[in-house]
């Protein structure tokens with residue numbers, strides 16, 4: 001097994017990238033990786049691949065890695081492999097050299113996690129840090145300790161089809177810059193987040209997307225086959241906001257931590273003040289999480305309750321518009 | 001969120017970012033609030049859905065593909081994409097008539113998506129008693145598995161075969 005520091009993290013891609021950077025000698029935190037890469041986002045989607053609408057809270061999978069590469073000048077070697085066998089051979093080759101490898105996998109096949117927590121999602125990232133007999137040793141930031149996965153299962157997880165298909169994708173950090181311009185990186189990350197939250201001209205993205213979500217949730221009963229189904233989908237709002245690797249409050253706590261760290265690093269009181277507001281905003285998103293869990297369990301899902309939920313979500317849109325507008329102004333002066 | 005508000009006792013662990021007592025922000029490992037308080041409700045709903053789908057399966061209204069699709073909670077479009085067929089073909093194969101015309105090779109692809117041995121597409125195993133466990137063992141032939149049914153000793157928490 002490669003000497004690799006395993007620890008849990010809030011989110012798989014930012015956690016895996018942070019672990020790779022730390023291993024390569026760059027001392028950086030997960031909030032900083034997340035913030036610099038412009039990770040925070042909102043989008044409400046009705047996709048052809050899904051039977052029910054959903055919402056996303058971060059930018060497109062893969063963008064955290066590419067943004068970090070660009071803004072921190074990190075050298076990352078990436079590989080896509082045509083066949084499952086070639087993908088496993090490429091992985092083994094690097095492991096034999098003592099190099100930990102981040103691989104993209106379908107989350108469903110991470111069998112060390114309980115079955116109820118696993119769903120098909122092709123953009124999960126884990127670090128493979130060794131091999132022990134027929135098993136691979138996995139550093140998964142969603143699992144408290146180093147996990148094991150047999151070769152057959154890992155091969156399947158890396159070669160599934162579907163949205164964001166992994167196609168045997170793997171990467172590892174090959175070099176880090178000793179002197180990184182953190183101020184420019186922080187500024188670029190904040191500007192990107194503010195653009196996507198405030199200025200994307202699509203009704204289902206950004207602040208407009210949050211309002212759109214609030215509007216749409218009141219019509220969810222029409223999409224459900226019965227009360228159990230509606231209860232499940234309403235309670236999934238909690239799962240997406242809190243349990244599917246966000247660090248709590250729909251990534252808002254993680255982003256608040258980034259703003260706080262950035263403010264301290266740059267000696268910028270405005271960023272520190274905005275961090276406090278973002279943390280409070282995360283608390284209000286968590287109140288939405290607790291609300292949907294309760295009404296879902298109690299089957300209190302009539303029009304009055306869903307209207308109340310809509311208002312809570314719209315209030316988040318109102319508050320975040322104000323926060324991101326002032327954050328955008330602050331970023332211009334960095 | 002303050003650190004003291006984040007503590008949840010649950011076997012399902014995750015990371016939350018919180019405000020610590022010294023007013024810095026940082027990660028804390030804690031349990032999942034949803035799992036601690038609502039996992040029983042999730043399982044109850046799933047069990048009711050499984051009962052409904054099983055009745056439809058027994059009545060010949062749906063095929064095993066429709067049964068497992070809903071249990072695994074995968075969308076129609078996603079499932080079709082993963083096994084490499086059109087949605088129209090998938091919908092046909094989710095009917096008993098369509099299922100009977102599906103090749104073994106394609107059924108193996110479905111089984112991989114559902115995370116079950118392909119044999120389970122032809123057999124639904126229900127545990128009538130609590131404490132029974134089924135362990136499936138792969139063989140050199142990917143489509144053939146060996147299923148072992150065991151009784152868990154509740155007192156000693158040991159597996160007795």
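The set of residues in the range A:1-50 that are touching a strand residue (DSSP E or B) at 6+ places or on another chain (Cβ under 6 Å), part of a helix (DSSP H, G or I) and under 20 Å from residue A:243 (Cα atoms) comprises A:12, A:13, A:16. Consider residue A:131 carefully, then state whether it is more than 14 Å from chain B (Cβ to nearest Cβ), out of contact with any strand residue (DSSP E or B) (no Cβ under 6 Å at 6 or more places or on another chain) and assigned to a strand (DSSP E or B). In short, yes. The number of residues in the range B:137-156 that are under 26 Å from residue B:113 (Cβ atoms), part of a strand (DSSP E or B) and at pLDDT below 80 comes to 1.
May I ask you to verify whether residue A:320 is surrounded by fewer than 17 Cβ atoms within 10 Å (Cβ to Cβ), part of a helix (DSSP H, G or I), more than 13 Å from chain B (Cβ to nearest Cβ) and modelled with pLDDT of 95 or more? Spelling it out, it is not the case that residue A:320 is surrounded by fewer than 17 Cβ atoms within 10 Å (Cβ to Cβ), part of a helix (DSSP H, G or I), more than 13 Å from chain B (Cβ to nearest Cβ) and modelled with pLDDT of 95 or more.
Report yes if some residue within the range A:243-261 is without any contact (Cβ under 8 Å) to a residue 12 or more places away in the chain, closer than 26 Å to residue A:110 by Cα and outside any loop (DSSP other than H, G, I, E, B); otherwise report no. Among the residues of the range A:243-261, not one is without any contact (Cβ under 8 Å) to a residue 12 or more places away in the chain, closer than 26 Å to residue A:110 by Cα and outside any loop (DSSP other than H, G, I, E, B), which makes the answer no.
State yes or no: is residue A:3 without any contact (Cβ under 8 Å) to a residue 40 or more places away in the chain, more than 26 Å from residue B:25 (Cα to Cα) and within 14 Å of chain B (Cβ to nearest Cβ)? For residue A:3, the condition - without any contact (Cβ under 8 Å) to a residue 40 or more places away in the chain, more than 26 Å from residue B:25 (Cα to Cα) and within 14 Å of chain B (Cβ to nearest Cβ) - is not met. One residue stands out among those in the range A:234-243 that are surrounded by 19 or more Cβ atoms within 10 Å (Cβ to Cβ) and touching a strand residue (DSSP E or B) at 6+ places or on another chain (Cβ under 9 Å): the one that is farthest from residue A:313 (Cα to Cα), which is A:243. Do we find that residue A:161 is outside the structural domain of residue A:318 (by TED's automatic domain parsing), on the phi < 0 side of the Ramachandran plot, within 23 Å of the chain's Cα centre (by Cα) and surrounded by fewer than 17 Cβ atoms within 10 Å (Cβ to Cβ) in this structure? Answer is no for this residue.
Here residue A:221 meets each of (1) in contact (Cβ under 8 Å) with a residue 24 or more places away in the chain; (2) more than 21 Å from residue B:71 (Cα to Cα) with one exception, condition (2). Of all the criteria given as (1) in a helix (DSSP H, G or I); (2) crowded, with 20+ Cβ neighbours inside 10 Å, the one not satisfied by residue A:272 is (2).
Residues are listed down the side, and each one gets a yes or a no for (1) modelled with pLDDT of 85 or more; (2) surrounded by 19 or more Cβ atoms within 10 Å (Cβ to Cβ); (3) out of contact with any helix residue (DSSP H, G or I) (no Cβ under 9 Å at 6 or more places or on another chain); (4) within 22 Å of residue A:108 (Cα to Cα):
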residue: B:79; (1), (2), (3), (4): yes, yes, no, yes
residue: B:97; (1), (2), (3), (4): yes, no, yes, no
residue: B:118; (1), (2), (3), (4): yes, yes, no, yes
residue: B:121; (1), (2), (3), (4): yes, yes, no, yes
residue: B:131; (1), (2), (3), (4): no, no, yes, no
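When you look at residue A:81, is it within 28 Å of residue A:155 (Cβ to Cβ) and at pLDDT below 95, yes or no? In short, yes.
Please go through the range A:91-111 and give me each residue that is within 20 Å of the chain's Cα centre (by Cα) and over 18 Å from residue A:80 (Cβ atoms), ordered by number.
Residues of the range A:91-111 that are within 20 Å of the chain's Cα centre (by Cα), as a first pass: A:101-110.
Within the range A:91-111, A:107, A:108, A:109, A:110 meet the criteria.
Considering only residues of the range A:29-71 that are within 14 Å of another protein chain (Cβ to nearest Cβ) and free of Cβ contacts under 8 Å to residues at least 40 places away in the same chain, which is nearest to residue A:175 (Cα to Cα)? Once the filter is applied, the top-ranked residue is A:33. Of the residues making up the range A:191-211, those that are surrounded by fewer than 22 Cβ atoms within 10 Å (Cβ to Cβ) and more than 20 Å from residue A:330 (Cα to Cα) are A:201, A:202, A:203, A:204, A:205, A:208, A:211. Looking only at the range B:40-52, residues that are in contact with a helix residue (DSSP H, G or I) (Cβ under 7 Å, 6 or more places away or on another chain) and in contact (Cβ under 8 Å) with a residue 12 or more places away in the chain come to 2 in all. The residue that is farthest from the chain's Cα centre (by Cα), counting only those in the range A:266-296 that are closer than 16 Å to residue B:23 by Cβ and away from chain B (no Cβ under 11 Å), is A:269. Residues in the range A:286-313 that are exposed (fewer than 15 other Cβ atoms within 10 Å of the Cβ) and touching a helix residue (DSSP H, G or I) at 6+ places or on another chain (Cβ under 6 Å): A:299 alone.
The values are calculated or read from the model by the stated rules, or taken from the named source; none is laboratory data. All figures in this text were calculated on a predicted structure; none of them were measured in a lab. Positions of Cβ are generated from backbone atoms using ideal geometry, with glycine treated the same way; all protein chains shown enter the neighbour counts.
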